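Some notes on the structure that comes next.
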Amino acid sequence: MNRQDVTILSINGKSPQIDESAFIASGCRIIGDVRIGPEASIWYNCVIRAEVNYVEIGARSNIQDGSVVHCDGPAPGAPGGFPTIIGEDALIGHNCMIHGCIIQDRGFVGLSATVMNGAVVESGGMLAAGAMLTQGKIVAAGQLWAGSPARFVRDLSSEEITGMQLGVRHYTENAKAHRAALKF
């Protein structure tokens, strides 16, 4: 893992757990109870902060440049708070705000989108660029949601779902190239 210009910080007795095969780009800040799986990629200038709950990022998922991932602690009506759980093979676009939510395996969050506490993007679901998925809303498997607040637009085609997974494979391979380029 490249750790040039990366902050990895323990807080409240919790330390980030990062698989050695994960790519962490320069400028990232990873703080607290963060768990990053094999071949995941965290791109330039992302912040992943988990001091009040935990953040989990599954194998081969990518968090693209400038995104912020956070969680929320216990509150009235939510005694367990809202951890952020990102499954395997998920794609999170550039400049996203991911907060106290669940992005299931193969979920897709478009550029500059926001996903709020208790919201879910199910496997194969897509939240469009710039959308805001408000608290507790669910993008069902195979659906496209867009807008602010986000609403159901249509079902995705099999080609679109395949395209999302090609994007995941691209980022997994691209992370290897960036890792090699950063070694000097």
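The values are calculated or read from the model by the stated rules, or taken from the named source; none is laboratory data. The shown structure was predicted, so the numbers you read here are calculated from the model rather than taken from an experiment. Quick reminder, even Gly has a Cβ in these numbers, built from the backbone with ideal geometry, and neighbours come from all protein chains shown. Each accessible area value is taken on the protein alone, full model and side chains, heavy atoms only, with ligands, DNA and RNA left out. Shrake-Rupley method; radii C 1.70, N 1.55, O 1.52, S 1.80 Å.
Here are the numbers for the structure shown:
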{"read-out": "Prolate/oblate/rounded call for segment 1-151, Cα gyration tensor, a/c under 1.5 rounded", "value": "oblate"}
{"read-out": "Top of His94, His170, His70 by mean-square fluctuation, Gaussian network on the chain, Cα under 10 Å", "value": "His170"}
{"read-out": "Gyration tensor (Cα) of segment 74-184, equivalent ellipsoid semi-axes in angstrom", "value": "25, 19, 12"}
{"read-out": "Rounded, prolate or oblate (a/c below 1.5 giving rounded, otherwise prolate when a/b exceeds b/c) for segment 1-40 by Cα gyration tensor", "value": "oblate"}
{"read-out": "Carbon and sulfur %, accessible surface of segment 123-184 computed with the full protein complex present, 1.4 Å", "value": "60"}
{"read-out": "Shape call, segment 18-91: gyration tensor on alpha carbons, a/c limit 1.5", "value": "prolate"}
{"read-out": "Segment Ile11-Ala180, extension gain: residue separation times 0.36 nm, minus the distance between their alpha carbons", "value": "57.8 nm"}
{"read-out": "Cα-based reach from Lys183 at 14 Å (exclusive), listing aspartates and glutamates while leaving out same-chain residues under 8 positions away", "value": "Asp5"}
{"read-out": "Residue of Thr162, Thr114, Thr134 that the Gaussian network model of the chain assigns the largest fluctuation, springs spanning Cα pairs under 10 Å", "value": "Thr162"}
{"read-out": "Distance between modelled label sites at Glu173 and Ser148, nm, 7 Å Cα→Cβ extension", "value": "3.5"}
{"read-out": "Order by protection proxy (mean Cβ within 10 Å, highest first), peptides 48-59, 144-155", "value": "48-59, 144-155"}
{"read-out": "Anchor Lys176: aspartates and glutamates whose Cα lies under 17 Å away (excluding residues fewer than 8 positions away in-chain)", "value": "Asp19, Glu20, Glu39, Asp65, Asp89"}
{"read-out": "Probe 1.4 Å, protein heavy atoms only - accessible area per residue of the chain in square angstrom", "value": "44"}
{"read-out": "Value of relative contact order over segment 62-184, rounded to a whole percent, pairs C-alpha under 8 Å and six or more apart", "value": "17"}
{"read-out": "Glu39 long-range amide H proximity, modeled H, under 5 Å", "value": "Ser21, Ala22, Arg60"}
{"read-out": "Full-extension gain in nm, Asp105 to Ile138, via 0.36 nm per residue minus C-alpha separation", "value": "10.5 nm"}
{"read-out": "Residue among Glu39, Glu159, Glu88 with the largest mean-square fluctuation in a Gaussian network model of the chain, springs linking Cα atoms under 10 Å", "value": "Glu159"}
